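The values are calculated or read from the model by the stated rules, or taken from the named source; none is laboratory data. The model shown is predicted, which means the values in this text are computed figures rather than measured ones. All Cβ positions, glycine included, derive from the backbone under ideal geometry; neighbour counts span all protein chains shown.
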Amino acid sequence: MVKRTQKKNIKNRMDEMAQIDAFLIPAHQAEMYKVLRQAVAEEAIEYWRAKYPQVSRIKDNPDEGEAIQIKNAEDQEVFRFYLNPSNISKAQKARDKDQLDKFLIKFENIDKNSPPMV
């Protein structure tokens, strides 16, 4: 009886989740997450396009989900910003404070002494 109840509880919890990209999100938050992820992605792309020659959204790693890939002029990847729930949540908090640029710059793995990439 206990095993049957446990399986039912797990199934009910899974039914309450929505698959978005590589992540399970509570179903009641799924639509808002999609909207926030799109807004963050658009602003991040705009921010990085002003600084780097190649910025694009990619889905090449099913375990990590969608990312924004930044490349230099030599077509080498400089870094990625994954559009995962943790990054989206932190980015949204930064957006609420008009500090998204301060959050995004943390992902730039560039030697401070290097010349600009553009």
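A few remarks follow.
- Scope segment 45-61; condition modelled with pLDDT under 95 and within 18 Å of Tyr33 (Cβ to Cβ); matching residues: Lys59
- Verdict on Glu64 being surrounded by 10 or more Cβ atoms within 10 Å (Cβ to Cβ), touching a strand residue (DSSP E or B) at 6+ places or on another chain (Cβ under 6 Å) and at pLDDT below 90: yes
- Qualifying residues in segment 35-61 (those that are small (Gly, Ala, Ser) and closer than 27 Å to Gln19 by Cβ) - the one surrounded by the fewest Cβ atoms within 10 Å (Cβ to Cβ): Ser56
- Per-region count, segment 51-77, residues part of a loop (DSSP other than H, G, I, E, B) and not aromatic (Phe, Trp, Tyr): 15
- Verdict on Ile105 being part of a helix (DSSP H, G or I) and either surrounded by fewer than 15 Cβ atoms within 10 Å (Cβ to Cβ) or touching a strand residue (DSSP E or B) at 6+ places or on another chain (Cβ under 6 Å) (or both): yes
- A single member of Arg80, Arg95, Arg37 is outside any loop (DSSP other than H, G, I, E, B) and touching a Leu at 6+ places or on another chain (Cβ under 8 Å), and it is Arg37.
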